[in-house]
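Scroll down for the structure; my scribbles are underneath it.
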Amino acid sequence: IKIKIVDIPVPITIGPAFEGETIRKKDAWVEFGGGRSTSFELVRMCEAEEVEDGKIQVIGPEIDEMPEGSVFPLGFMIDVYGRKMQEDFEGVLERRVHYFTNYGEGLWHVAQRNMMWVRIGKNAKAAGFKIKDFGEILIAKFKSDYPAIIDRVQVTIITDKDVIEDKIKIAIEKYAARDARLKGLTDEAVDTWYTCTLCQSFAPNHVCIVTPEHVGLCGAVSWLDAKASNEITPTGPNQPVLKGECIDPVKGQWQTLNEFFYTGSNRTIEKVNFYTMMEDPMTSCGCFEAIMAVLPLCNGVMITTREHSGDTPCGMNFSALAGTCGGGIQTPGFMGMGRRYLCSAKFIPADGGLGRVVWLPKELKEFLGQDLVDAAVAAGLGADFVDKIADETVGITEDEIYPFLEEKGHPALTMDPIM
Ligand code: SF4
Ligand code: ZN
């Protein structure tokens, strides 16, 4: 990505050099989201008269009213008008919030949508950073990076705990509408898939392949987003790849994708199978929403999420798993994923698909709700399949969950050996 230098009127330094900077809890003045408070980010396309260019509004406390070590809600509503703007571009622009805010020295942002998690470091607070300065950064970066599609931007930042509960409804409706647009599109129905190399600033050899049925593992880049992003910036991080000759239709390996992966991964990865986690799987960067791991004794797989901090039957919690498999490497038996990938008909089909899933945190089951039930029905597993999946209330070791799976007649126990 080309980084333009723009003058942003904030008291901290802004630049890609700070992108990989981590802010530990003890170094944070205040923290937002990440399961501790309500948070969201939303880019909306608006009419010209709805957007007052450059306007920043903070609804709720400013940083001076936030005690050291406190937790507050945070919502970014970014309203955009542009003659060439399209609704399809909203998701793409929204993903940039992650990068733009991370450019600030002493600012830290992970995850996306209503999962976003933000910290302001004590150093940034000491330098005089204010909540409204998020707006300065976002407006300056959006206008300088997307002059072709953005004419006006205004930012509303919400830190009030009542207002945010109201405004988040708008965001959740928008996310659902975006997800719905993808429904019905299959991997086979399109001849072009897209790459995403946005995360190479964190994981230099990492490449995501985004297909209609496989959202990027951050959960924030769908095939439609990647396509839109390529229309906005043809030389940008999302490149089209024509599938071409198929090497292995079951494991999901294509010659052209292998070639792209080899170049894109700085010649570290020679082949990738898109439909299995067990052999040459996709690489994992660091911002995956969830991660799956094989459970040999149960002949299945488990998934845990960034939001679930507890132990899991593979013997590692989310951060230990992320440390083991992140950084842009292929780790057979482990793979980062977007939460919604679990409901995809292309969820590790070569490994047996959804029927392999033997353990999920309750939080993920609830988050996916009816969509997971529908996916189970579509996969021929029956509407009661979700109840056969163990969670932390059943156990957090393979030994603890095995009797439950047996009692429920979980299909994974009678599938071909996974290893
Ligand atoms: Fe792109 Fe993948 Fe990073 Fe998401 S996780 S921004 S899809 S490279
Ligand atoms: Zn990433």
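The accessible surface of the range 302-408, taken with every protein chain in place and a 1.4 Å probe, is 50 percent carbon and sulfur. Among E49, E90, E406, determine the one that fluctuates most according to a GNM of the chain built with springs between C-alpha atoms less than 10 Å apart. Maximum among the listed residues: E49. Using a ≥ b ≥ c from the Cα gyration tensor of the range 232-323 (square roots of the eigenvalues), is it rounded, prolate or oblate, where a/c under 1.5 gives rounded and otherwise the larger of a/b and b/c decides, a/b for prolate? Here the range 232-323 falls in the oblate category. Computed about the Cα centre, the dipole magnitude for the range 354-410 is approximately 200 debye when only Lys and Arg (+1) and Asp and Glu (-1) carry charge, each at its Cβ. Nothing charged except the Cβ atoms of Lys and Arg (+1) and of Asp and Glu (-1): what's the magnitude of the dipole of the chain about its Cα centre? Round to the nearest 20 debye. Value, rounded to 20: 840 debye.
Taking H206, H214, H98 in turn, the Gaussian network model of the chain (Cα-Cα springs below 10 Å) assigns the largest fluctuation to H98.
Distance between the modelled labels on E52 and N317, one decimal in nanometres: 4.6 nm (7 Å Cα→Cβ projection). Between E363 and V250, the simple label model (points 7 Å from Cα in the Cβ direction) yields a spacing of 3.7 nm.
When only Cα pairs below 8 angstrom with a gap of at least 6 residues are kept, the chain shows a relative contact order of 14 percent.
Only protein heavy atoms count here; on that basis, with a 1.4 Å probe, K183 has an accessible area of about 140 Å². Solvent exposure of the chain amounts to 41 Å² per residue of accessible area, where only protein heavy atoms count and the probe is 1.4 Å.
Other residues lying with their Cβ under 12 Å from the Cβ of E188 contribute a combined charge of -1, Lys and Arg counting +1, Asp and Glu -1. Largest GNM mean-square fluctuation among E41, E188, E19, using the chain with Cα springs under 10 Å: E188.
Counting only protein heavy atoms and a probe of 1.4 Å, the accessible surface of the range 85-154 is 47% carbon and sulfur. May I ask which residue of P16, A28, M45 lies farthest towards the positive end of the charge dipole of the range 8-56, with charges of +1 (Lys, Arg) and -1 (Asp, Glu) on Cβ and the Cα centre as origin? Most positive-ward Cα: A28. One Cα centroid belongs to the range 265-319, the other to the range 353-408; the line between them spans 17 Å. Ranking A127, I137, V58 by how far each Cα lies toward the positive end of the dipole of the range 46-150 (charges on Cβ) leaves A127 at the top.
In plain terms, the chain from R181 to L297 could stretch by 37.9 nm, reckoned as 0.36 nm per residue minus the Cα-Cα distance.
Converting phi to 3J(HN,Hα) with the Karplus coefficients 6.51, -1.76 and 1.60 and the offset θ = phi - 60°, the range 159-170 yields 10, 8, 6, 8, 4, 5, 5, 7, 5, 5, 4, 4 Hz in sequence order, with x at every glycine or proline.
I need the shape label for the range 303-419. Rule: rounded when a/c is under 1.5, else prolate if a/b > b/c, else oblate, with a, b, c from the alpha carbon gyration tensor. Rounded.
The values are calculated or read from the model by the stated rules, or taken from the named source; none is laboratory data. Computed from a predicted structure; not experimentally measured. FYI the Cβ positions are ideal-geometry reconstructions off the backbone, even for glycines, and counts take in every protein chain you see. For accessibility, only protein heavy atoms count, side chains too; no ligands or nucleic acids. Shrake-Rupley method; radii C 1.70, N 1.55, O 1.52, S 1.80 Å.
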